[in-house]
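A.B. asks: Got a structure for you, written out below as structure tokens; questions coming shortly.
The values are calculated or read from the model by the stated rules, or taken from the named source; none is laboratory data. This one's a predicted model, so the numbers in the text were calculated from it and none came from an experiment. All Cβ positions, glycine included, derive from the backbone under ideal geometry; neighbour counts span all protein chains shown. Heads up: the accessible areas ignore ligands, DNA and RNA and are worked out on the full protein's heavy atoms, side chains in. Shrake-Rupley method; radii C 1.70, N 1.55, O 1.52, S 1.80 Å.
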Amino acid sequence: MMGALFMGNKPVVKPDTRTSFPLEQWIRMLHYCGLPKSDMDFLHCEGPQMEYILRKGNARSTLFTGSSRVGEHLAKKLDGKVKLEDGGYDWKILGPDVPKSQTEIDYIAWQSDHDAYGHSGQKCSAQSIMFVHKNWKKSDLYEKMSAQAAKRSLSDLTLGPVLTWTNEQIKGHIEAVLDLDGAELLFGGSPLRGHTIPSQYGAYEPTAIKVPMKHFRGKKKKELITTELFGPFQIVVEYGSKDVDFLLEILEDLPHHLTAACVSNDHLFTE
């Protein structure tokens, strides 16, 4: 939206109906800062209505971000005149070479917290799953990640409402993952308290669940593990040096990974 404005175009903006209110407030701020009200149109409607407008208006350029299913549908209906920005079930790998410096481990824990829980996990580049070599069990990585997550709160805006998952949906997903044999709650797992967030939005603690690698061999279990909860939630999977080939198979099978990271100073492992 902002890129279109910077380049002198007049965009027609239609957000997910569940996020119309914050976008409206953003646009009102732009007006306050000097944006002419005639420079952009804002629509609050459902998808089929927006599709009708695009087709009847013969849109010159359409940028769509959202589900792959809707993106593919629009590509057909608009004869390919659409640019798709996909989301991602994004991963990070911690290699076998654990830093000897506690400062480095603290930094990796801090960065992982931001990658997974920044913007309450509601960004397409959010870290959804982290594969951790078993060598890291000798470190205090999980404790440091838990301590970082515990600092987040609504009062300083390091946590916020989850716009597309309710607490009931989040709770159900967490329970389903924890039902897997050997799954373990590392931290979080409870709804936030003492707030006035409406029930149609979620409000949950930053959560991490450790899941045994073996469950990626089952189709339904793999689908459950890799369901993207668009909120402050991540899966942690431990692996050994003998599991690297299987790990590569898992990564290749993950759809739509937008960002990825490999934390290692071992160049051979990184390659």
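A.B. asks: Which of the residues belonging to the range 122-146 are of a type in the set (Asp, Glu) and touching a residue at least 12 places away in the same chain (Cβ under 8 Å)?
C.D. replies: First, pick out the residues of the range 122-146 that are of a type in the set (Asp, Glu): 140, 143.
Within the range 122-146, just Asp140 meets the criteria.
A.B. asks: Over 13 Å from the mean Cα position of the chain (by Cα) and touching a residue at least 40 places away in the same chain (Cβ under 8 Å), is that true of Ile108? Before the answer, list the steps.
C.D. replies: Working: over 13 Å from the mean Cα position of the chain (by Cα): yes; touching a residue at least 40 places away in the same chain (Cβ under 8 Å): yes.
So Ile108 fits the description; yes.
A.B. asks: Can you name every residue in the range 33-50 that is closer than 15 Å to Met2 by Cα and either in contact with a strand residue (DSSP E or B) (Cβ under 9 Å, 6 or more places away or on another chain) or at pLDDT below 95 (or both)?
C.D. replies: Across the range 33-50, the qualifying residues are Met40, Asp41, Phe42.
A.B. asks: Name the single residue that is farthest from Asp90 (Cα to Cα) among those in the range 241-260 being open to solvent by 80 Å² or more (accessible area, probe 1.4 Å) and not in a helix (DSSP H, G or I).
C.D. replies: Checked the range 241-260; the qualifying residue farthest from Asp90 (Cα to Cα) is His256.
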